[in-house]
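Right, one structure below, let's go through it.
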Amino acid sequence: MDELSPLATELLRGVTDEMVTEAAGFREDMVEPRDAAAEGPSLESTPFPADWRASISASGYEFIVRWETGGKEYYEGVIKGRPIWPKFASGITIGCGFDLGYHTLAEFREQWGTRLGAADFGRLTATLGLKTVAPNREAKVARARAFVRSLSDIVVPWNMAIEQFDNSKYPKILRQLFGALDNVDKLHPHSRAALLSLTFNRGVPFQTPGERYAEMRAIHAAMKSGTSADFARIPQLLRDMQRIWGERSSLAERRRGEAKLFEAGLDEAGLAQSVASLQVSEAPAVLEAAPGLLSEEPEGTELEQTDAADDAQEAADFEAEGLESAGLTAASVHWNPKDDEQPDYRHLDTSLAGRSFELVPADLEALIAANEYEVRPGKVLFALRGASLGGQAKRESVASVVITDQRPDHRNFRCIIGVYDRTAKLLWAYQASTVPNADFVFKCFRQAQAGVAMDKLMGNILPTGCYTYTVGTHHPGKPNEIPTVLRLSPTATGASKVVVLRSLGDVIYDRFDAQPIAIPADNIHPGQKSSGFSSAGCLTLPGFFQGGQHSGIWKDFRAAAGITANSNGNQYSLLLFTGLDAAIAASVRDGEHATASLLRLRHGSQGPRVAALQSALGLAPDATQRLGPVTRQALIKKQTAKLGWADGIYSPAMDELLGFNIYALA
C-alpha cells in the first residue's frame with residue numbers, strides 16, 4: 001500500500017503480522033444475508049449508493065485492507081501469494097482472504113474463473129466446502145495441510161489478488177452491509193468503514209438471536225433509530241464485543257480500531273453539522289432573496305476579508321503554540337497522496353498524472369469554453385495548482401510553456417501563476433503557490449478541535465474556478481499592509497463570498513472536508529519569506545514588499561500583468577485550474593482525449609447550462625445564470641446526500657450520477 005493516512009497510521013500502529021495471521025483464521029458461523037427481492041419492500045435496509053466506491057473513507061479502506069489482506073508486504077513476504085490454511089475454523093484461502101471453504105463452485109467461478117488459469121482453477125475446486133470445524137475436525141485439518149503442500153506451486157500475484165478484492169469481494173460485502181442496516185447513508189464515511197470492517201469479519205448477523213450476537217442486535221437497533229444519540233452508542237458496542245474473544249486477542253484489537261474509526265466519523269460529522277448551521281446564520285440576505293427558495297448572490301460584498309495571514313504574527317503564534325493537537329503537528333501536514341480523495345482532482349482522468357506537456361494559448365481557450373466562463377476583457381490571469389516549469393523560475397512573453405504536472409506540498413512553490421495576453425497570444429508563467437502553508441493548515445485544524453467559530457478559523461484552500469480579482473491593498477491600514485496586490489473581490493476595497501475547503505478533522509484536504517461559504521482574503525501577493533511562503537489561503541509568488549519596493553518574481557509578475565502604483569481598481573479574471581486540467585487540455589489538442597473530457601461547471605461558470613443546474617438543485621431563477629457560492633453549496637449538499645462525499649464540481653460523469661441530464665442539452 002502507499003503511505004498510510006495519519007488516521008490509518010494511528011489505528012494500525014499496534015497491529016502486527018502475527019495479529020493479521022491469527023485474525024485470518026477466525027470464521028463466524030456466517031448467517032446468510034436476506035434476499036431483498038424475495039422479502040419485498042418491507043426489508044429494512046439502505047439503498048445501495050450509485051458511487052459505491054466512495055462510500056468509505058481512504059483511512060477506512062486502508063484499515064480494512066490491512067486486516068483483511070495484510071497489505072502488499074505481508075502478502076508477498078509472509079504468505080507469498082500461495083494458498084494457505086489460516087487455522088481455526090477456516091478453509092484453504094487464496095488471494096486477499098478468499099476462503100474456498102465458505103464458497104460454492106458457482107461463487108468461485110464467478111469471482112475467479114476469469115482470473116486464474118484453467119488448470120489452477122480446476123485443482124483448487126477440490127478444496128471447496130472444506131471447513132476445519134467439527135465434526136471430525138482432526139481429519140479435516142490433516143486434509144487442509146495436505147492441500148497446502150500439494151497446491152504450493154500455485155501463486156496468485158498481489159495485483160490480481162487486490163484487484164479481485166477491490167472489484168468483487170469489497171462491493172459484495174458492502175452491498176450486504178447496506179442491505180442489513182437502515183440509515184447507513186447518514187453515517188460519515190469513517191463510520192461506514194468501521195461497520196464494513198465488522199461485516200467483513202463477522203458477516204451480517206444483526207438480527208440473530210443468542211448472547212454471542214447481543215451487540216450486533218444493538219447496533220441494528222441503533223442504526224434503525226437513526227438518531228445522533230444512538231449512533232454515538234455504537235463505538236462502545238464494538239468495544240463490548242471484546243468479551244467474545246478476550247481483550248488480548250487480535251479480534252479485540254480490530255474491534256478497538258473500528259470503535260476509534262467510528263468515533264472519528266462522529267467527530268467529523270459533528271463539525272460538518274456546525275458548518276451547515278453557521279452557513280445559514282451567516283447568509284440572511286440569501287435566505288431572504290426569494291421566499292422558499294435560495295438564489296445566487298451578487299458577486300461582491302463590502303464585508304471585511306477573513307483568513308488574512310499576518311506573516312509577522314505567524315512566527316510568534318507558532319513559536320508560542322509549538323503545539324500538537326490530537327497527536328498531529330504542522331509536520332504532519334501533507335498533500336493528499338490519492339488524487340481520487342482530493343476534490344480538485346477526483347473528477348479528472350489521472351492517467352496523465354506526472355506528464356510533461358506543452359501549454360499553448362489554445363489550451364487555455366479550450367478550458368475557458370469547456371467550463372463556460374465569461375472572462376473579463378484584457379489580460380487574463382491563470383494559475384495551475386500542482387505544476388512545474390521544470391526547474392525554471394519563470395517563462396516570459398512566449399508562445400508556449402513546457403509544464404510538468406505535479407502536486408503541491410504546502411511548503412514549497414509547486415504551482416504556477418501566470419498571465420495570458422489573449423490579443424497577442426502570449427504567455428508569462430512563474431513558479432508560485434496556490435495553497436496555504438503547512439502552519440495554517442494545522443492552525444485551522446487545531447482551532448476547529450478547540451471549538452473556534454467557523455468564521456474565525458484561519459486556513460483554507462480556494463477551489464478551482466474562475467474568480468474576479470481587483471487591484472487593491474492587502475492588510476489595509478495595518479503595519480504589514482502591501483499595496484497594489486490583487487484582492488479576491490470585484491472592488492478595490494471589498495471582498496467576495498466563495499466556497500472554500502477547510503480540513504477540520506485532520507491535516508489533509510479530502511472530499512469529506514467542510515466546504516463552507518466564506519469571505520477569505522485569498523489574495524495574490526508576494527510570499528514574504530526567504531524560504532517558502534506566508535499564506536492562510538492566498539496565492540503567492542516568490543518575492544517581497546519591503547521598504548516601499550516590490551521585488552523578486554512577484555515584481556516580474558506585476559509587470560507582466562500591467563500592475564503599477566496607479567492600478568487600484570483594475571480588474572482581472574483568474575482562471576484557477578490544476579496542472580492536470582491543463583495536461584488534459586493539451587492532450588485534447590493532440591487528439592489523445594475527446595473535447596468532452598474538458599466539460600465542467602464550477603465556480604464562475606455562466607450560461608443556460610448553469611441555469612438548468614440551478615433549477616435541478618431547487619434554486620430560484622438567477623438572471624445572471626452564474627455558478628457562485630450558493631449554487632456550489634447546493635451542489636455540495638446534493639452530492640453529499642446522494643454520494644456521501646462532495647467536490648462541488650459538475651462534470652458529465654457527475655451529471656450521470658445525479659441523474660439531472662444537464663449535459664444532454666444542445
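Entry note, the stretch 411-504: relative contact order of 22 percent, from Cα contacts under 8 Å with a spacing of 6+ residues. Dipole of the chain computed with +1 at Lys/Arg Cβ and -1 at Asp/Glu Cβ about the Cα centre; of 332, 142, 499, farthest Cα towards the positive end is 142.
The protection proxy used here, the mean number of other Cβ atoms lying within 10 Å of each residue, ranks peptides 382-394, 257-269, 431-443, 238-250 as follows, highest first: 431-443, 257-269, 382-394, 238-250.
A simple count of charges around residue 366, restricted to other residues whose Cβ falls under 14 Å of its Cβ and scoring Lys, Arg +1 and Asp, Glu -1, yields -3. Of the peptides 644-655, 594-605, 496-507, 164-175, the order by per-residue mean of other Cβ atoms within 10 Å, starting with the highest, comes out as 496-507, 644-655, 594-605, 164-175. Projecting each Cα onto the charge dipole of the chain (Lys/Arg +1, Asp/Glu -1 at the beta carbon, about the Cα centre), which of 550, 171, 391 comes out farthest on the positive side? Toward the positive end, the furthest listed residue is 171. Label sites at residue 233 and residue 450, each approximated as a point 7 angstrom past Cα along Cα to Cβ, lie 3.6 nm apart.
Between the alpha-carbon centres of the stretch 474-529 and the stretch 203-234 there is a gap of 45 Å. Of the peptides 520-531, 94-105, the order by per-residue mean of other Cβ atoms within 10 Å, starting with the highest, comes out as 520-531, 94-105.
Can you list the residues of the stretch 501-520 with backbone N under 15 Å from a point 7 Å past the Cα of residue 340, pointing along Cα to Cβ? Answer for the stretch 501-520: 511-512. Expressed as a whole percent, the accessible surface of the chain that belongs to carbon and sulfur atoms is 52, based on a 1.4 Å probe.
When log10 I(q)/I(0) by the Debye sum over Cα atoms at q = 0.07, 0.09, 0.10 Å⁻¹ is calculated for this entry, the matching label among (i) -0.52, -0.82, -0.97; (ii) -0.55, -0.91, -1.10; (iii) -0.50, -0.86, -1.09 is (i).
Label positions at residue 148 and residue 78, each projected 7 Å from the Cα along the C-beta direction, are separated by 1.3 nm. Cross-linked pairs 260/642; 260/529; 394/456: Cα-Cα separations exceed 28 Å for 260/529; 394/456. Selection among 88, 206, 449 by position relative to the dipole of the chain gives 88 as farthest towards the positive end (Cβ unit charges, Cα centre). Placing a pseudo-label 7 Å from each Cα along the Cα-to-Cβ vector at residue 565 and residue 424 gives an inter-label distance of 2.4 nm. Given +1 at the Cβ of Lys and Arg, -1 at the Cβ of Asp and Glu and no other charges, the dipole of the chain around its Cα centre is 1300 debye to the nearest 20. For the pair the stretch 341-371 and the stretch 49-114, the centres of their Cα atoms are 36 angstrom apart. The value of relative contact order for the chain, using C-alpha pairs under 8 Å at least six residues apart, is 14 percent. Length gained on full extension, residue 393 to residue 208: 60.0 nm, using 0.36 nm per residue less the C-alpha separation.
The values are calculated or read from the model by the stated rules, or taken from the named source; none is laboratory data. Please read all numbers here as calculations on a predicted model, not as lab measurements. Here Cβ is always computed from backbone atoms with ideal geometry, including for glycine, and neighbour counts include all displayed protein chains. Heads up: the accessible areas ignore ligands, DNA and RNA and are worked out on the full protein's heavy atoms, side chains in. Shrake-Rupley method; radii C 1.70, N 1.55, O 1.52, S 1.80 Å.
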